1. Whose amide H sits under 5 Å from the amide H of Gly137, counting only residues 5 or more places off or on another chain, with H placed in the peptide plane?
2. Return one whole number: the accessible area per residue of the chain in Å², for a 1.4 Å probe.
3. Find how many whole Å separate the alpha carbon centroid of the range 153-174 from the alpha carbon centroid of the range 61-87.
4. With θ taken as phi - 60° and the coefficients 6.51, -1.76 and 1.60, list the Karplus ³J(HN,Hα) couplings across the range 149-158 in order, rounded to whole Hz; mark glycine and proline as x.
5. Would you work out the charge dipole size for the chain about its Cα centre, treating the Cβ of every Lys and Arg as +1 and the Cβ of every Asp and Glu as -1, and quote it to the nearest 20 debye?
6. Obtain the nm distance between the two label points defined at Met153 and Leu123 by a simple spin-label model: each point lies 7 Å from its Cα along the Cα-to-C-beta direction.
7. Pop out the ³J(HN,Hα) list for the range 45-53 in order, Karplus 6.51 cos²θ - 1.76 cosθ + 1.60 with θ = phi - 60°, rounded to Hz; leave Gly and Pro as x.
8. For the chain, what Kirkwood radius comes out of the mean inverse Cα-Cα distance, in Å?
Amino acid sequence: MSLLDIHVLGSPILRQETERVDSITPELRRLVDDMFDTMHAAKGVGLAAPQVGRRERLAVVEVDDVKLVVINPEIILSEGTVKGEEGCLSIPEIYADVQRFAQVTVRAQDIDGVWYEVSGNELLGRCLQHEIDHLHGRLFTDRLSLLKRRKAMKEWEDEKDHYPKLLRVLPVGDLPPE
Ligand code: NI
């Protein structure tokens, strides 16, 4: 296993549209494994390819006992709205309430390329929406009111000094036990 460096807010790749995944290669499977390891080491519940400097339209999600690889995901159903606190591995230490759909159904391909549907509310629903946003160059701070976004960006001005190359390098000591 290996840990990948996480791009933080300001890194251009976080703002780029991803590219549809057309074939599942051994290299792609390794990327997914490394993304799970990286997400675990960073104590996150979701991680999208652009956050590790990649252009593939894929993300990994792990909420409670639900572990998902979402490739080429799309929200096909949504219901209601709800506000809840969010953070992002690419914007460390910044948290804010974000309005999202209360429930979503997502259609995606798994690591074998098989299409499936997953429905989620609460943390799973929020996480799916957050990761799909990443795949289209959107960050949770984009969804804040002007005032709250300004506050978050002000906090980030101080925080970002910890990431001089706009990369978050995880300490190897954070490796989870095998
Ligand atoms: Ni994020």
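1. Under 5 Å from the amide H of Gly137 lie the amide H atoms of Thr18, each far enough along the sequence or on another chain.
2. With the other protein chains kept in place, the chain gives 53 Å² per residue.
3. Here the two parts' Cα centres lie 25 Å apart.
4. So the Karplus estimates, Gly and Pro as x, are 5, 4, 4, 5, 5, 5, 4, 5, 3, 7 Hz.
5. Details: 23 positive and 32 negative charges, 149 e Å.
Its charge dipole is roughly 720 debye.
6. Between Met153 and Leu123, the simple spin-label model gives 3.1 nm.
7. Values, residue by residue: 10, x, 8, 10, 3, x, 5, 10, x Hz.
8. Details: mean 1/r = 0.0606 Å⁻¹.
Every distinct Cα pair counted, the radius reaches 16.5 Å.
The values are calculated or read from the model by the stated rules, or taken from the named source; none is laboratory data. For clarity, every value in this text was computed on a predicted model and none was experimentally measured. Every residue, glycine among them, receives a Cβ derived from its backbone with ideal geometry; neighbour counts consider all protein chains shown. Heavy atoms of the whole protein, side chains included, go into the accessibility calculation; ligands, DNA and RNA do not. Shrake-Rupley method; radii C 1.70, N 1.55, O 1.52, S 1.80 Å.
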